[in-house]
Amino acid sequence: MKKYVSLLITVICSLLVGGKATAKTCTSTVLLLTQADVSAFDCTHIEGDLKIGSRGPGGWSNIGNIRRLSMLQSLTGSIIMERNEHIRSLEGFENIKRIPGALVLDAQTGLTDLTGLANLEYIGYGLVIVNSHNITSLEGMPKLRQIGDSAATSRARLHIGYNRSLQSLDALSTVHTLPRIIEITRSPLLTHLDGLLNARAVTGGEPGHIYIIQNTNLRNVDGLRNFTAPIMELKINNNPSLENLDGLRHVVYDNSSIRFRTNYFELMGNRNLTSACGATGLWSNVPDNFYTRIYDNTRATNSLAAIKNHCHVCSSYYDGDLVLETQEQVDGLQYCEVSGKLTVVDHPTDPIDSLLGLSGLKKVGGLDVSNNHTLLSLNGLNQLTDITNGSLHVIRNTGLVTTSGLEGLARVSGDVKIQRNSNIIQLNLGTLTSVNKDVSLYLNGNLRSIVFPSLVNIGGSLGIKTNQAATSVAAFRLQAVQGNVYVGYNHKLRHLQGFNRLRTLGNNLLIDSNMNMETIIGFSALKKVPGDLQITNNLSLNNLEGLHNINRIDGDFTLTDNINLEDACAFEELLTHSHRTIGGNTTVANNGENSSSLLDLLTTCWRIP
């Protein structure tokens, strides 16, 4: 009896041990070339890549089953599968939720779909599915939300190519974020790209590219209509069924990358392409030396000149104010100039989702784009250079994610208000040089980057307030603001810089309640503040070096409630002779140690050799 009990305990223990893999971290790339390698696999975590299958063109692996890989919980690199003709399913990856690298399926001729990736949510460096001739759909990743990461934008891509049985991309409809590099090539059964409709491009990083090449039955690229990204290369070649490029309405050209010396715009062999007006945001901004190859399309799309002539149908001048409330009205506009204010606002039953109909417009008296809920970008306004006697207002456009389309705007005679656009991510008015009145950027909750690379003069005040996601502000050429400069309640803004050429200020400089602002390193050219200087309630502020050249304040000086500010010696000279250099009251209180009062500040700074 004792012998029987002992044997039973032994069996139970062995079952318990065998039923759960012992945790093991493999500290380098794991290579599985044969079924025997798969059977011997024993990693629960991999610090590196997992490579499965034959290397090089010499042959195919004999791997037919990867269920053994179900013990794998995580990895830090990519999953790369090459030349596996016997693998019929990806079952074995059911515990993988994140792939920090890429998922590459190359020559997986045994697969018909992607069953086995049911828990995959994130792929950092892109999804590549090529040369897998029996895949008919991409079903199998119902939880996938993100492809591409802002840390990997120069390399991350979505590449679907040489898959002759693939019928649609509909299974990617769960994806909300795509990389900036899109390649759809040699997939003859694809008729549309609608599976990408719910995705927007990852923010940040370098401009990307779009290649759509040799897809025999592809009729449109509407699936990319939410792809709001700058690109430096576009190749749409040999798609004989393609009818238009309307899906590229929010794509713009960007040559800021220094990684590539040659940028391309290729449009060839699309013999049914009757309109390229959807790519207005690209071809209207390319420089004269931009490399283009355009031929063997229809008459309207057979050269860059033909495209511009076809799309820029602007024949007259409108005298007075004009309101556009429907997409039909926008699409039918043929004016080159509107003397009064042009207002674009949604009608409740006919929302506006594209401004491409405005592509001939060069001047307006004023421009108000407000309360549009399906408009994603301002592409279509790319030819607009002047707002001659009014203002630019972009307000409460809940779908807007970028100001792309305003890159050609150089002058605004009134004010600029970009406010309450809850989803706008990037603001870049690349050629705007002067604004005669105020510039106010308020309550844009997702706005991360604020860039005015050419702005020289603001005739009124500059206000940057309550843009909770903003991490950078730059106006590198700004020399004069005739009113106030106010920067407040931008809680992710860590460094205030980019104002180093500002020499002239008309009134107050106010920096208030930016909770994570650590340094003020701009404003090095500013010597005089004609009004008040207030730096208050910036809880993380520890450096004021960018203000050290200010030697005169005509109004009040207030430095209070910056609880981590211990070094305020940038103001030593100003405060030492405050009876001559400050025209109003001086208040220094409730800052960090050594700056909690005017006496503490000066005593500390005088001790520093």
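Apply the a/c threshold of 1.5 to the C-alpha gyration tensor of region 480-565 and tell me whether it is rounded, prolate or oblate.
prolate
Which of the three applies to the chain, rounded, prolate or oblate, going by the alpha-carbon gyration tensor with a ≥ b ≥ c and a/c under 1.5 meaning rounded?
The shape class here is oblate.
Could the peptides 70-78, 456-464 be put in order, highest first, of the mean number of other beta-carbon atoms found within 10 Å of their residues?
Answer by packing, highest mean first, reads 456-464, 70-78.
Per the Debye formula with a single identical scatterer at each Cα and no solvent contribution, what log10 I(q)/I(0) holds for region 407-462 at q = 0.13, 0.26 Å⁻¹?
These q points yield log10 I(q)/I(0) values of -0.30, -1.08.
For Trp283, Trp606, what's the fewest-to-most ordering of other Cβ within 10 Å of each Cβ?
Sorted ascending by nearby Cβ count, the order is Trp606, Trp283.
Normalized C-alpha radius of gyration of region 23-186, against 2.2 N^0.38 Å?
So region 23-186 has a normalised radius of gyration of 0.96.
Quick one: helix 2-19 against the long Cα principal axis of the chain, what's the angle to the nearest 10°, folded into 0 to 90?
Once rounded, the angle reads 50 degrees.
For region 368-607, what's the radius of gyration and Dmax over Cα atoms, in angstrom?
18.6, 61
Could you state the number of Å between the C-alpha centres of region 383-427 and region 43-115?
For region 43-115 versus region 383-427, the Cα centre distance is 47 Å.
Using the count of nearby Cβ atoms within 10 Å as a rough guide to exposure, how do His579, His310, His159 rank from fewest to most?
Exposure proxy ranking, most exposed first: His579, His310, His159.
Can you sort Asp106, Asp532 by how many other beta carbons sit within 10 Å, fewest first?
Asp106, Asp532
How far, in degrees from 0 to 90, does helix 598-607 lean away from the longest principal axis of the Cα atoms of the chain, to the nearest 10?
80 degrees
Each reported figure results from applying straightforward, stated rules to the coordinates on display, with no laboratory input. Since the structure is predicted, the reported quantities are computational estimates derived from the model, not experimental observations. Note that we place each Cβ from the backbone using ideal geometry, even for glycine, and neighbour counts take in every protein chain shown.
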